[in-house]
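I have placed the structure first, in the form of structure tokens, so that the comments after it can refer back to it.
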Ligand code: GGG
């Protein structure tokens, strides 16, 4: 029987609360199928680990992840540790070290969920953002000189390689072809201001687009794209953007489809040489940590993306259907969706719906 080893890094804040529900959902799928197994390696990395050891993960962390089929990640961030320390200590080294250059973030307005945008019906918003995930504005390149003096200088370089840029743009086109919806790819840059990296991106986009003549293309500046995500979200199908721009755009995409608690993300290593990583888009959410009210569905949907990546399409569909039905029924929902249910009650509902099929 297919058996998968999953490295589970629950991380910080609400991470442990939502990862518990993701694992529960995966176990439910395995039990209902009867011919599927998951073995979890729980890795206690994150901010508590940092307080104990001075590191967000052990020095040999990447080697320890390597033998797994996939990584399930919760959240990173701590109110008492600077964000750049936690982010650059855990999740970014994993994305780079496992060469997870293709980040895939779908957004869909589900039946039973209200958008803050007026007049939007279920399915009106249905887009996928491809985020370049290993370089761009997130590259740890730069430095500070003469700290604390009036002459202080801070330099932060953006790194855009032909390999990384072409890889993410090609992934977006391949997906637009496979998805077969509007057959449209929108590239988002700021090439009027960033005349080197973003002009380069626009050129690579044009070159790759020429290989997909059946796909409609559009190039937008990021400020215009932010406006259009809000006023015309229906016009988007597949969107491709740099590490930073796509991160910002996917928060908008999440909130216009009802909640950050529904947004899932896949960090894919396209060659499959290393494990890919699946996570909710949301972060640690200190304001609700420990209250047991975090929405676990983004993590369940991340588990579905993981199953799809592992080739377990039927199992992925069963999780997608359970989430869809749970939202449609609307009887068990967490406060972000206007309900009063707890994280574990919503996780239990997903399990019940998986078992029902
Ligand atoms: N579950 C993802 C998470 O914890 N994200 C925290 C965060 O701030 N990430 C920034 C990023 O992904 O760019």
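We did not get these values from a lab; they are worked out from the coordinates using the rules stated. Everything numeric in this text was worked out from a predicted model, so none of it was measured. Every residue, glycine as well, gets a Cβ built from its backbone with ideal geometry; the counts of neighbours run over all protein chains shown.
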(request) Find the centroid of the Cα atoms in segment 304-343 and in segment 100-157, then give the distance between the two in whole Å. (result) 24
(request) Using packing as a proxy for protection, rank 303-316, 218-231 so that the peptide with the highest average count of other Cβ atoms within 10 Å comes first. (result) 303-316, 218-231
(message) When the expected Rg is taken as 2.2 N^0.38 Å, what fraction or multiple of it is the alpha-carbon Rg of segment 126-256?
(response) 1.15
(request) Please give the length that would be gained between residue 210 and residue 272 if that part of the chain were fully extended, namely 0.36 nm times their separation in residues minus their C-alpha to C-alpha distance (nm, one decimal). (result) 19.6 nm
(message) If I model a spin label as a point 7 Å beyond the Cα along the Cα-Cβ vector, how far apart are those points for residue 192 and residue 291 in nm?
(response) 4.0
(message) How large is the translational diffusion coefficient of the chain in µm² per second when you combine the Kirkwood radius over alpha carbon pairs with Stokes-Einstein at 25 °C and 0.890 mPa s?
(response) 117
(message) Whole angstrom only: what separates the Cα centroid of segment 242-265 from the Cα centroid of segment 1-57?
(response) 23
(message) Can you compute the modelled spin-label distance between residue 111 and residue 37, with each label point 7 Å from Cα toward Cβ, in nm?
(response) 3.8
(message) Can you tell me how segment 176-240 classifies by the Cα gyration tensor, rounded, prolate or oblate, using a/c under 1.5 as the rounded cut?
(response) oblate
(request) Return the tail of the calculated pair distribution for segment 7-142, meaning the percent of Cα-Cα pairs more than 25 Å apart. (result) 42
(message) So if each residue of separation counts as 0.36 nm, and I subtract the Cα-Cα distance between residue 317 and residue 184, what length gain in nm does that give?
(response) 45.4 nm
(message) Restricting to Cα pairs below 8 Å that are 6+ residues apart, what does the relative contact order work out to for the chain? Please round to a whole percent.
(response) 23
(request) With N set to the residue count of segment 257-357, report its C-alpha Rg divided by 2.2 N^0.38 Å to two decimal places. (result) 1.10
(message) What percentages make up the Cα-Cα pair-distance distribution of segment 91-202 when the bins are 5 Å wide from 0?
(response) 2, 10, 15, 16, 15, 14, 12, 8, 4, 3, 2, 0
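Go ahead and run the numbers for FRET between residue 331 and residue 53, Cβ-Cβ distance against an R0 of 51 Å, rounding to 0.05. Please list the in-between numbers first.
On the way: r = 44 Å, r/R0 = 0.86.
Given R0 = 51 Å and the Cβ-Cβ separation, E is 0.70.
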(request) Please order 55, 277 by the number of other Cβ within 10 Å, starting at the fewest. (result) 55, 277
(request) Per DSSP H run of at least 4 residues, take -39500 (n - 2.57); add these up for the chain, divide by its residues and hand me the 222 nm value, nearest 500 deg cm²/dmol. (result) -12500 deg cm²/dmol
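I'd like to compare 47-54, 234-241, 199-206: which one has the highest average count of other Cβ atoms within 10 Å, and what's the full order after that?
234-241, 199-206, 47-54
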(request) Arrange 291, 184, 23 by Cβ neighbour counts within 10 Å, fewest through most, would you? (result) 291, 184, 23
(message) So for segment 218-357, averaging the separation of alpha carbon pairs under 8 Å that are six or more residues apart and normalising by length, what relative contact order in percent results?
(response) 18
(message) Can you tell me, using C-alpha contacts under 8 Å and at least 6 residues apart, the relative contact order of segment 126-256 as a whole percent?
(response) 36
(message) Between segment 186-231 and segment 59-85, what is the separation of their alpha carbon centroids in Å?
(response) 31
(request) Could you bin all the Cα-Cα distances of segment 196-342 into 10 Å bins starting at 0 and give me the percent of pairs in each, rounded to whole numbers? (result) 9, 30, 36, 19, 5, 0
(request) Give the whole-number value, in cubic angstrom per residue, of the convex hull volume spanned by the C-alpha atoms of segment 306-357. (result) 78
(request) Write down the percent of antiparallel bridges among all DSSP beta bridges whose residues are both part of the chain, to the nearest 5. (result) 40
